[in-house]
Amino acid sequence: MEKIRVALIGNPNVGKSQIFNNLTGGKAHVGNWPGKTVEKKEGTCVHKGAEMHITDLPGTYSLTAHSIDELIARNYIVEEKPDIVIDIVDASNLERNLYLTLQLLELEANIVIALNKWDVAKDLGYEINVEELSKLLGVPVVPTIATKNIGMEELKNAVIGAAKAKEKRRELIISYGKPFDDIILKIASIVQKDKELSGKYPVRWLAIKLLEADEEVLKLIDRSLCKEEVMRQLSEAKKILEEDMETALAEKRYTIIGEVILPKVLIGAKPLTLTDMLDKAFLSKHLGIAIFLALWWALFRFTFDVSRPFSDLIGMLFSKLGEIASTCISNPQLASFIADGIFGGLGAVLTFLPPIFFLFLGLALLEDSGYLARAAFVMDRIMYKLGLHGRSFIPMLIGFGCNVPAVMATRTIDKEEDRILTTLVNPLMSCSARLPIYVLISSALLGSYAAAGVYSMYVLGIVLAILMALLFRRTIPYFKGKPSPLILELPLYAIPTVKSTLIHMWERGRLFLRKAGTIIFLGIIAVWFLSNYPWEAVHQGDKVMLENSYLAILGKFIEPVLHPLSFNWMAAAALLFGFIAKEIVVGTFATFFGLREEAGRELSEALRSAGVFTPVTGLAFMAFSLIYTPCIATVGVIYKETGSWKWTIFTVSYELILAYVVALMIVTFGRLIGFA
Amino acid sequence: MAETIPLAMLQENCEAIVVEINGGMGLTRRLAEMGFTNGTRVKVLHSSPPGPILVMVRGSRIALGRGLAMKIFVNPVEGS
């Protein structure tokens with residue numbers, strides 16, 4: 001079968017992933033670009049006896065060397081030389097979209113244009129002369145409506161046609177006028193002499209990029225024999241031209257689009273659209289924030305309330321399976337391993353799935369409708385002051401529910417520094433798993449101040465997150481400087497399609513299951529082992545003597561470290577357990593007192609009468625539980641999202657230190673004002 | 001000829017021509033790619049100081065941080 005390698009490229013918000021899904025039937029292989037944290041999607045499509053291997057390139061406005069996304073896209077086209085590049089152009093926004101098209105033509109890619117959102121353009125009153133556009137650019141142009149799966153057959157036909165006609169394709173020279181054209185020609189003729197370079201790269205493109213002082217291309221020339229001659233030519237050119245050629249040529253490209261192309265292909269006026277009317281409300285200073293908070297609240301409730309029955313069902317199913325296993329298997333060690341280790345572990349992983357699926361369903365709806373960009377607009381000013389990006393706000397809020405999907409949601413932040421900073425402080429947002437700890441301790445020890453104690457933990461988390469963000473921004477060279485200023489396109493509002501929303505949700509959920517899931521699962525097996533062995537010492541007859549387990553030994557081992565905080569070995573062991581999932585802290589205390597986790601009141605009593613904590617150390621323990629290391633699931637997902645052990649370990653360490661410092665401050669201050 | 005002012009100072013629904021972008025190399029380039037080049041006609045769709053500003057440029061709606069919009073200088077178009 002004939003194989004055609006196809007790359008998909010386009011501006012953000014043009015419907016690229018919908019076209020990818022339409023072409024591949026939604027079956028994508030999702031991975032990362034080598035050495036990068038940027039997602040890479042690949043899929044296949046068989047059409048008329050040809051097998052198209054489709055690679056989705058990052059959405060980008062341009063092909064300079066300034067951002068990872070742009071470099072990935074352009075290196076793929078230059079180095080991998082795909083047979084066809086499908087350039088997805090938003091028909092309702094030709095002017096800006098054609099800018100990327102011009103750059104692709106300079107790269108001498110074999111382009112097929114998908115003129116997407118054809119229906120939106122019609123609604124806005126635009127009329128586009130497709131034949132004329134195709135003639136002017138010298139490439140096939142196919143109108144498409146990806147949301148309704150219209151134009152896909154024609155697009156596939158065009159791809160096969162263009163792949164066959166490869167050699168006959170006429171090369172379009174984009175004229176930049178005098179004096180640019182002459183200079184470009186001169187540099188190109190010099191570069192032409194280097195056979196290695198000119199064999200691999202389009203020489204005219206090299207010349208333009210040299211003139212623009214493109215770092216990557218300058219590096220290429222650095223190794224070339226023609227370096228001196230090129231540099232001489234460049235410094236001569238600099239004498240006649242303005243300083244910043246990249247900006248000057250960007251201007252020229254827009255002039256070509258605005259004065260040469262558009263007048264021949266586009267007719268239409270711009271009436272006041274629905275988008276402008278909606279924006280009046282969604283972007284307004286006070287109402288906008290109110291709407292944002294309301295929508296976030298809805299998303300939050302949707303994620304955690306709607307998913308709770310599903311999570312409970314999964315939890316019940318696995319504990320039932322565990323019970324069945326333990327009654328069917330006679331060997332107690334094996335039974336415990338299967339029931340508590342395997343089924344307990346699987347259950348713990350899978351109960352995370354419903355909130356993640358529902359969260360991404362909600363986020364996909366907000367994003368595909370065009371609202372998410374508005375949320376960034378509304379929150380930009382406050383977040384900017386805090387050293388974060390406008391888009392950091394949503395992940396922070398989601399963190400109150402669960403930090404795992406919250407960290408995953410940082411993907412909507414485009415600059416890596418801003419994304420990582422948001423990830424680092426995210427675990428300080430007090431997730432719902434920490435609530436049972438606060439409730440247990442404060443009801444046991446704080447008396448009528450219990451509710452205030454719980455509430456203060458949430459406030460503490462927020463304050464610390466803000467302080468840490470400011471601190472990291474100031475002190476860590478990687479984050480130095482201000483957050484990148486907001487430059488964000490607000491797309492037209494649209495009604496999300498069921499299919500693309502569901503695919504979006506499924507891709508994220510599956511990724512969590514595969515990557516973070518294995519870490520949580522292994523972690524739980526490890527805790528099962530630590531809390532059940534040495535077997536004979538722990539299981540004496542019908543009694544479970546947890547204080548003889550390796551975990552208790554570990555707890556006693558680290559007790560001296562926690563001694564200044566007045567935490568005993570039980571507290572230490574509970575905290576160790578809490579690393580697996582914070583809610584286990586409560587369960588651990590329950591096991592120590594021989595109670596079931598559900599026995600809330602009795603447990604409070606037991607905790608108080610045993611004198612594990614005083615009100616002050618109890619508060620310190622709550623603060624410690626809030627801050628110290630994120631649970632293993634969050635650690636797993638932080639590693640997955642940052643792609644770096646360095647940042648993962650950094651997060652765990654700074655939080656451990658911070659937890660210690662804060663808890664020590666609470667205890668010391670408590671003593672100073674006279675509490676024991 | 002109208003006075004040159006920062007884009008951030010332009011009133012809502014007013015149009016102007018970009019005359020200078022004073023944001024350092026990186027930002028100037030990034031803005032140029034998004035369509036903010038000298039001579040471009042822009043329209044302020046939404047502006048609520050001190051928050052960001054929403055500008056229509058070359059058919060797309062671009063949100064800009066206020067600080068950034070202070071670095072883009074424009075000549076207001078009379079009567080708009």
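The number of residues in the stretch A:355-375 that are at pLDDT 85 or above, part of a helix (DSSP H, G or I) and within 14 Å of chain B (Cβ to nearest Cβ) comes to 4. Checking the stretch A:25-33 against the condition returns no match, with no residue being under 30 Å from A:V265 (Cβ atoms) and either in a strand (DSSP E or B) or touching a Phe, Trp or Tyr at 6+ places or on another chain (Cβ under 7 Å) (or both).
On the stretch given as the stretch A:521-557, residues that are open to solvent by less than 60 Å² (accessible area, probe 1.4 Å) and in a loop (DSSP other than H, G, I, E, B) total 4. The single condition among (1) over 16 Å from A:G151 (Cβ atoms); (2) not in a helix (DSSP H, G or I) that A:I86 does not meet is (1). Each residue in the stretch B:10-31 was checked for being without any contact (Cβ under 8 Å) to a residue 12 or more places away in the chain and either farther than 30 Å from A:E215 by Cβ or among the small types (G, A, S) (or both), and 2 of them qualify.
The single residue among A:A73, A:A50, A:A91 that is open to solvent by less than 10 Å² (accessible area, probe 1.4 Å), over 25 Å from the mean Cα position of the chain (by Cα) and away from chain B (no Cβ under 13 Å) turns out to be A:A50.
Can you tell me which residues in the stretch B:32-61 are facing chain A (nearest Cβ under 7 Å) and touching a residue at least 24 places away in the same chain (Cβ under 8 Å)? Selection gives B:M34, B:G35, B:L45, B:H46, B:S60. The condition of being open to solvent by 50 Å² or more (accessible area, probe 1.4 Å), farther than 18 Å from A:E367 by Cβ and not in a loop (DSSP other than H, G, I, E, B) holds for only one of A:I420, A:I462, that being A:I462.
If we scan the stretch A:494-512, do we find a residue that is at pLDDT 75 or above, within 14 Å of another protein chain (Cβ to nearest Cβ) and open to solvent by less than 80 Å² (accessible area, probe 1.4 Å)? So far as the stretch A:494-512 goes, yes, one or more of its residues are at pLDDT 75 or above, within 14 Å of another protein chain (Cβ to nearest Cβ) and open to solvent by less than 80 Å² (accessible area, probe 1.4 Å). Selection of the stretch A:113-139 for residues being of a type in the set (V, I, T) and more than 30 Å from the chain's Cα centre (by Cα) yields A:I128, A:V130, A:V139. With respect to the stated conditions, A:S311 fails to be outside any helix (DSSP H, G or I), out of contact with any strand residue (DSSP E or B) (no Cβ under 9 Å at 6 or more places or on another chain) and either surrounded by fewer than 16 Cβ atoms within 10 Å (Cβ to Cβ) or not aliphatic (A, V, I, L, M) (or both).
Considering each residue of the stretch A:16-28 in turn, at least one proves to be open to solvent by less than 30 Å² (accessible area, probe 1.4 Å), at pLDDT below 90 and not polar (S, T, N, Q). Free of Cβ contacts under 8 Å to residues at least 40 places away in the same chain, aromatic (F, W, Y) and away from every other protein chain (no Cβ under 13 Å), is that true of A:W205? For A:W205, the condition - free of Cβ contacts under 8 Å to residues at least 40 places away in the same chain, aromatic (F, W, Y) and away from every other protein chain (no Cβ under 13 Å) - is not met.
Looking across the stretch A:471-487, just one residue is touching a Leu at 6+ places or on another chain (Cβ under 7 Å) and either β-branched (V, I, T) or at positive phi (or both), and that is A:I487.
Residues in the stretch A:405-414 that are open to solvent by less than 10 Å² (accessible area, probe 1.4 Å) and in a helix (DSSP H, G or I): A:P405, A:A406, A:V407, A:M408, A:A409, A:T410.
Residue by residue through the stretch A:210-247, note down the ones that are in contact (Cβ under 8 Å) with a residue 60 or more places away in the chain and part of a helix (DSSP H, G or I). Answer for the stretch A:210-247, where residues must be in contact (Cβ under 8 Å) with a residue 60 or more places away in the chain and part of a helix (DSSP H, G or I): A:E215, A:E216, A:V217, A:I240, A:E246.
Every residue, every condition in (1) of a type in the set (V, I, T); (2) in contact with a Cys (Cβ under 7 Å, 6 or more places away or on another chain); (3) open to solvent by 20 Å² or more (accessible area, probe 1.4 Å), yes or no:
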position	(1), (2), (3)
A:A376	no, no, no
A:R381	no, no, yes
A:K385	no, no, yes
A:N403	no, yes, no
A:E416	no, no, yes
A:N426	no, no, no
A:V439	yes, no, yes
A:S443	no, no, yes
A:G447	no, no, yes
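Quick grid of which residues meet (1) without any contact (Cβ under 8 Å) to a residue 12 or more places away in the chain; (2) in a helix (DSSP H, G or I); (3) open to solvent by less than 60 Å² (accessible area, probe 1.4 Å); (4) under 28 Å from A:C402 (Cβ atoms):
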position	(1), (2), (3), (4)
A:G315	no, yes, yes, yes
A:I324	yes, yes, no, no
A:T327	yes, yes, no, no
A:S330	yes, no, no, no
A:L346	no, yes, no, yes
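Of the residues A:L353, A:L388, which single one is closer than 20 Å to A:D305 by Cβ and in contact (Cβ under 8 Å) with a residue 24 or more places away in the chain? That would be A:L353, the only listed residue that is closer than 20 Å to A:D305 by Cβ and in contact (Cβ under 8 Å) with a residue 24 or more places away in the chain.
Residue count for the stretch A:238-272 under the criterion of being more than 10 Å from chain B (Cβ to nearest Cβ), at pLDDT 85 or above and open to solvent by less than 50 Å² (accessible area, probe 1.4 Å): the result is 3. Identify, please: which residue in the stretch B:1-21 is away from every other protein chain (no Cβ under 12 Å) and of a type in the set (S, T, N, Q) and is, among those, least open to solvent (accessible area, probe 1.4 Å)? Among residues in the stretch B:1-21 that are away from every other protein chain (no Cβ under 12 Å) and of a type in the set (S, T, N, Q), the one least open to solvent (accessible area, probe 1.4 Å) is B:T4. The test for being more than 14 Å from chain B (Cβ to nearest Cβ), farther than 30 Å from A:L486 by Cα, free of Cβ contacts under 8 Å to residues at least 12 places away in the same chain and in contact with a helix residue (DSSP H, G or I) (Cβ under 8 Å, 6 or more places away or on another chain) does not hold for A:A339. Scanning the stretch A:339-357 for residues that are under 16 Å from A:A526 (Cβ atoms) and of a type in the set (A, V, I, L, M) yields A:I342, A:L346, A:A348, A:V349. Considering (1) open to solvent by 20 Å² or more (accessible area, probe 1.4 Å); (2) closer than 20 Å to A:E216 by Cα, the lone condition that A:T44 does not fulfil carries the number (2).
Among the helices (runs of 4 or more DSSP H) contained in the stretch A:580-676, which hold 2 or more residues that are within 14 Å of A:S566 (Cβ to Cβ)? Of the helices (runs of 4 or more DSSP H) lying wholly inside the stretch A:580-676, those with at least 2 residues that are within 14 Å of A:S566 (Cβ to Cβ) span A:615-627, A:645-672. What about A:V6, is it in contact (Cβ under 8 Å) with a residue 60 or more places away in the chain, closer than 27 Å to A:Y639 by Cα and β-branched (V, I, T)? Criteria not met by A:V6. For the stretch A:100-110, the count of residues that are assigned to a helix (DSSP H, G or I) and open to solvent by 40 Å² or more (accessible area, probe 1.4 Å) is zero. Is it the case that A:A65 is within 14 Å of chain B (Cβ to nearest Cβ), under 27 Å from A:S198 (Cβ atoms), touching a helix residue (DSSP H, G or I) at 6+ places or on another chain (Cβ under 8 Å) and at pLDDT below 95? So A:A65 passes the test.
The values are calculated or read from the model by the stated rules, or taken from the named source; none is laboratory data. On a predicted model such as this, the values are computed, not experimentally measured, just so you know. Cβ: placed from backbone, ideal geometry, glycine included. Neighbour counts: every protein chain shown. The area values use the complete protein model at the heavy-atom level, side chains included, leaving out ligands, DNA and RNA. Shrake-Rupley method; radii C 1.70, N 1.55, O 1.52, S 1.80 Å.
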